[in-house]
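The values are calculated or read from the model by the stated rules, or taken from the named source; none is laboratory data. The structure displayed is predicted, hence computed values, not measured ones. Note that we place each Cβ from the backbone using ideal geometry, even for glycine, and neighbour counts take in every protein chain shown.
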Amino acid sequence: MLAINAKYVHSALAVWLLSGGIKRYAHVPHNVEIIEATIHQSCEEIAGMIAAHKPDAVGISTYIWNASKVPDILKLLREQLPNAVFILGGPEASHNPDYWLAHGGDYVIKGEGERKLPALLDVLAEGRGQKTEGREQRAEGRENRDDGRFDSLDDPIDPYDETYFATMKGKLAYLETSRGCPFRCSFCLSGDDDVRFFPLETAREQIYKLSKSGVKTIKFVDRTFNCNPKRAYQLFEYVISLDTACCFHFEVAADLFDKPTLDMLRTAPPGRIQFEAGLQSYHEPTLGAVSRKMDIIKAEENICSLIQGQNIHIHIDLIAGLPYETLADFKNSFDSAYKLVAHNLQLGFLKMLHGSALRKQAGELGIEYNKAPPYEIKCSPWLSADDIRILKQTENALRHTYNKSRFLSALEYVLLASGIRPFDLFYMLGSRFENHGLSLEIYAQHVYDCFCEIPMVDESEMLECMICDWLAMVRGKNMPVFMRRPDSRRKLVVSAVEKILGRHIGREEVALLPSGGWVYVDVEKCSFVTGLYEIGFKN
């Protein structure tokens, strides 16, 4: 079985669950090999990895991030493995089977495959398929049209064996404790089913096993982890109680947290938990149009409460391109979200996924999107192509500054001093230059120059903020030339700081400020939440 991940650090839970399904439910013995590649590898390399095993059947998991590569890989595999059977699954194949059957697939399995895949493999192994035009084909057709769900969540498959852990060096681990979503957002695929929960004790057992495996981050794939607040409370409490250095990442609905849960979450060790909360938009007509149900006031209150605890990393999302939200409307959404001061504010772009209700409405709504994966919006009656360009430039600046915890005090100072709105500040920075291949030193110079051109911004104060930011976010690197100030007192200050910290420090760990004072960084104190080092000041 083949999984093609977006990055090396990612792992594919689906293929391991399918492998477990084959072991449990197949009536005929099957030898299963799992290959995990990345989209950065060539099609030839990936096909060669598969062909080397000389398989009789190849299962491929398809998603928007790998869908553009899979047809070419299938073509190569057909040449190298002319007698093999090719089985496609995953969201892309499930919701677009005709395309995949026409582009090299023999079978498409729709929906959950833990029972369907072993049943199909048994049919093929027992010779109960038919040969049609040189390909294996079942009498009832090549597409598995049974939309029945895998219903044995009372005894879920445990994919976490020695073989799994042997592949996990340096990777994120993924964990599933429920399936489905109670919401019906029209841009998403997860809301088609009612939520089904794995047994609580099974979830705890798998959490414990992963926490002791040596992985650093465990990401829950549950679409709305806290949709059952009582159950979520119990699992949050368990995660907090563990003796582990793991970080646990959850996707949550921010408005569903109750006070007991918020109080309990404040007891979590710093860095133990990360939350990703999708706000998507503040524009009420837009939220209604995409069936997005959310108490935005409650969501804001809960996000602020979690941030005030200073122990949990908070990531919030907005989606640009949703119906009825103009550029002006989106600017308002962005500014409202930014003022929450979450640790990460993702500006994503609408993707018209196969199988989503919004894709089916695209023609009626007048939304134009790229026909190739990931099917991103091009324009709509509410956003022109030029508006999209503005949003892209804004996102670039946001991604390379705020979302990487870079130049945070500089950003805060500029916003306060100038009165400029957050969206306009990031657009100004993003429209000046693209940060493609620039060193951090050169990028810092661009940021400084751009911000100093803004009315009411004092260059000395701006430089002071940039110096402090550099020390907090960078370890072991000299400052850019424009930040350096010669000073004969440096040796004396270094000695003084060494007495404060009780250890030797490098010269790059102290800096002169334009105001005449000194700032130093304690590189042994790094926030588990922000990733920033602690800085101190000396007059």
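The set of residues in the range 70-82 being in a loop (DSSP other than H, G, I, E, B) and either under 16 Å from Met1 (Cα atoms) or modelled with pLDDT under 95 (or both) consists of Leu81 alone. Per the listing Leu340, Leu318, the residue uniquely assigned to a loop (DSSP other than H, G, I, E, B), closer than 23 Å to Leu425 by Cα and either out of contact with any Phe, Trp or Tyr (no Cβ under 9 Å at 6 or more places or on another chain) or free of Cβ contacts under 8 Å to residues at least 40 places away in the same chain (or both) is Leu340.
Pro55 fulfils the conditions (1) free of Cβ contacts under 8 Å to residues at least 60 places away in the same chain; (2) touching a strand residue (DSSP E or B) at 6+ places or on another chain (Cβ under 8 Å) except for a single criterion, (2). Within the range 363-381, can one find any residue that is under 22 Å from the mean Cα position of the chain (by Cα), under 23 Å from Ser291 (Cα atoms), outside any helix (DSSP H, G or I) and aliphatic (A, V, I, L, M)? Looking through the range 363-381, at least one residue is under 22 Å from the mean Cα position of the chain (by Cα), under 23 Å from Ser291 (Cα atoms), outside any helix (DSSP H, G or I) and aliphatic (A, V, I, L, M). The helices (runs of 4 or more DSSP H) found wholly in the range 404-521 include none carrying at least 3 residues that are touching a residue at least 60 places away in the same chain (Cβ under 8 Å), closer than 15 Å to Glu534 by Cα and of a type outside the set (A, V, I, L, M). Checked against (1) modelled with pLDDT under 90; (2) under 28 Å from Glu36 (Cβ atoms); (3) not assigned by TED's automatic domain parsing to the domain that holds Ser11, Thr177 passes all but a single condition, namely (1). Restricting attention to the range 19-66 and to residues that are in a loop (DSSP other than H, G, I, E, B) and among the acidic types (Asp, Glu), the residue that is farthest from Gly105 (Cα to Cα) turns out to be Glu33. When each of Ser94, Ser68, Ser61 is tested for being touching a residue at least 60 places away in the same chain (Cβ under 8 Å), assigned by TED's automatic domain parsing to the domain that holds Trp16 and either aromatic (Phe, Trp, Tyr) or touching a Leu at 6+ places or on another chain (Cβ under 8 Å) (or both), the lone residue that passes is Ser61. Report the residue count in the range 374-429 for those that are closer than 16 Å to Val447 by Cβ and in the same structural domain as Glu325 (by TED's automatic domain parsing). So the answer is 0.
Within the range 35-80, restricting attention to residues that are under 21 Å from the mean Cα position of the chain (by Cα) and polar (S, T, N, Q), the residue that is surrounded by the most Cβ atoms within 10 Å (Cβ to Cβ) is Thr62.
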